[in-house]
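What follows is a set of notes on a single structure, which appears directly below.
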Amino acid sequence: MSKNYLKLFKDELEKIKGQRPKLLLHVCCGPCSEYPLVLLKEYFQITIYYGNPNIYPLDEYDKRLSELEHYLDILDSDIKLVIPSYDNDYQKELMKFGPMKEGGRRCAYCYARRMKEAYLYAQKESYDYFTTVMSISNHKNADYINRIGEDLYKNYGTVKYLYADLKKEGGIDKNRELNKINRLYEQDYCGCIFTYQVHASKKEERLSKLSIHKLQDRDKNALIAIFKDEEVSKTYMVAPLKDQKAEDALFSKIICNPRRFDGIYLEDRLIGFINEVESKDAAIEIGYVIAPEYQRQGYMSKALELYMQELNKQGYKVIVAAAFKENVPSIKVMERCGMKKIDKEEDIMYQGKMHHCLYYAKRYD
Ligand code: SF4
């Protein structure tokens, strides 16, 4: 029978209250660490161990790591981060198990392998406690995880294992709430090549439903809603839409403007747009926006890639776009589409704040 991990966790926190011992915390990604870090940093001096060679491919591993780093910037605390080198042979180890449902023997091996590596690091560096955030996930078996932690302490034991079932007592809901606020990239597969393949075919199917074409009158409300979204207006420069008159004026200006302004559609729903900022000869500068609920799911990268191909077919040889320096997701979209940073940079005053703007371009021979 499994133990009451939540009670053991709470008892331990009660015991160490006010002492702030050193905790090595294994973290698999940013979104799984949001609530755990908020909770644990009150009790511990935390060092995160980002030991996740299970994440395939390497790009995805880097993406999750950069989201975690972004979250640590948001938290602005004294939490440290250790990043061991990526083990390229890890997938081969998992291959021995073959495809099987998530949560089975392969996963038990995978939790144990990563937790052991982190535990040994904690032991070498003389931490007081060790645990992992993985129990926050509904897909992870907290019993497996805690038994592994318990065995590590029994077998190697100088670093105390902190039992945890972080999803319990509303932990999972608190984590989701923080996710809505922080808007970290949330991956939709666990990590290994097996889960990646399932995810890749689902993603391909999702992205195949995208299209880009001219705006129609019926898109007005959806477009205005995108412009009025607070997150969008932080990075896409638009005058505040105070009333219906302003909304009508903006929409007719867009529809009547000879410059390009095309909608990005998921099936027949408008989810974003790409517009021409200016063009001269074979060079064009564009801007783009994707509604926040569709961000970080590959839609914007795919739409931009398709759009640039189309512009090139129409004779454009240089395609330029810009983003505020702090708008990291947008910069990543440009990079994913093969755009490179160019010399042009400028400071722009917007919403009462100075923003440094970076320019990227793709050149076609
Ligand atoms: S599904 Fe997740 S936990 Fe299971 S083997 Fe793959 S990466 Fe590891």
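Values in this text are rule-based calculations from the coordinates and carry no lab data. Worth saying up front: this structure is predicted, and the values here are computed from it rather than measured. Neighbour counts run over all protein chains shown; Cβ positions are idealised from the backbone, glycine included.
Determine Rg/Rh for segment 145-236; Rg is computed over alpha-carbon atoms and Rh is the Kirkwood hydrodynamic estimate from the same atoms. All intermediate terms of the calculation are to be shown ahead of the outcome.
Numbers: Rg = 21.9 Å, Rh = 18.5 Å.
That ratio equals 1.18.
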- Which of ILE331, ILE181 has the fewest Cβ neighbours within 10 Å, and the rest in rising order: ILE181, ILE331
- Query: If you rank TYR359, TYR111 by fewest surrounding Cβ atoms within 10 Å, what's the result?
  - Reply: TYR359, TYR111
- Sequence of GLU231, GLU293 once ranked by neighbouring C-beta atoms within 10 Å, starting from the fewest: GLU293, GLU231
- Message: Whole-Hz ³J(HN,Hα) for each residue in segment 318-332, computed from phi via Karplus 6.51 cos²θ - 1.76 cosθ + 1.60 with θ = phi - 60°, x for glycine and proline: what do you get?
- Response: 10, 10, 10, 8, 9, 8, 4, 3, 6, 8, 4, x, 5, 5, 5
- Message: Considering just Cα atoms, how many Å³ per residue does the convex hull of segment 5-200 enclose?
- Response: 114 Å³
- Using alpha carbon centroids, what distance separates segment 192-223 and segment 88-111, in Å? 30 Å
- Message: Which trypsin sites (Lys or Arg not before Pro) in segment 81-157 sit in a loop by DSSP (not H, G, I, E or B) and have at most 16 other Cβ atoms within 10 Å of their own Cβ?
- Response: LYS96, LYS101
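Return the percentage of antiparallel bridges among DSSP beta bridges fully within the chain, rounded to the nearest 5 %.
Working: 34 of 52 bridges.
Here the antiparallel bridges make up roughly 65 percent for the chain.
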- Task: Mind checking which lysines have their Cα closer than 30 Å to the Cα of LYS92? Skip sequence neighbours fewer than 8 apart in that chain.
- Result: LYS63, LYS101, LYS116, LYS124, LYS140, LYS154, LYS202, LYS203, LYS332
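If you average the sequence gap of Cα pairs under 8 Å that are 6 or more apart and divide by the length of the chain, what percent do you get for the contact order?
Relative CO of the chain lands at 13 percent.
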- Note on the structure: Plugging the Cβ-Cβ distance of LYS3 and GLU125 into 1/(1 + (r/R0)^6) at R0 = 30 Å yields, to the nearest 0.05, a FRET efficiency of 0.65
- Query: For labels at LYS96 and GLN216 in the simple 7 Å Cα→Cβ model, what's the distance in nm?
  - Reply: 5.7 nm
- Task: Straight distance only, please: which lysines reach the Cα of LYS245 with their own Cα at less than 25 Å, same-chain residues fewer than 8 apart left out?
- Result: LYS214, LYS220, LYS228, LYS234, LYS253
- Let me know the shape class of segment 309-365, please: from the alpha-carbon gyration tensor, a ≥ b ≥ c as square roots of the eigenvalues, rounded when a/c is under 1.5, otherwise prolate if a/b is greater than b/c, or oblate. prolate
- Note on the structure: Here segment 126-131 yields Karplus 3J(HN,Hα) values (6.51, -1.76, 1.60; θ = phi - 60°; whole Hz; Gly and Pro given as x) of 6, 6, 7, 9, 9, 7
- Task: Mind computing the radius of gyration and Dmax over the alpha-carbon atoms of segment 209-363? Å is fine for both.
- Result: 15.0, 41
- Task: Using only the Cα atoms of segment 25-97, each taken as one equal point scatterer with no solvent, compute I(q) by the Debye sum, divide by I(0), and report log10 of the ratio at q = 0.15, 0.16, 0.28 Å⁻¹.
- Result: -0.52, -0.58, -1.34
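Return an integer: the convex hull volume of the alpha-carbon atoms of the chain, in Å³ per residue.
Roughly 180 Å³ of hull volume per residue.
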- Task: In whole Å, largest first, what are the principal axis extents of the Cα atoms in segment 281-339?
- Result: 34, 21, 17
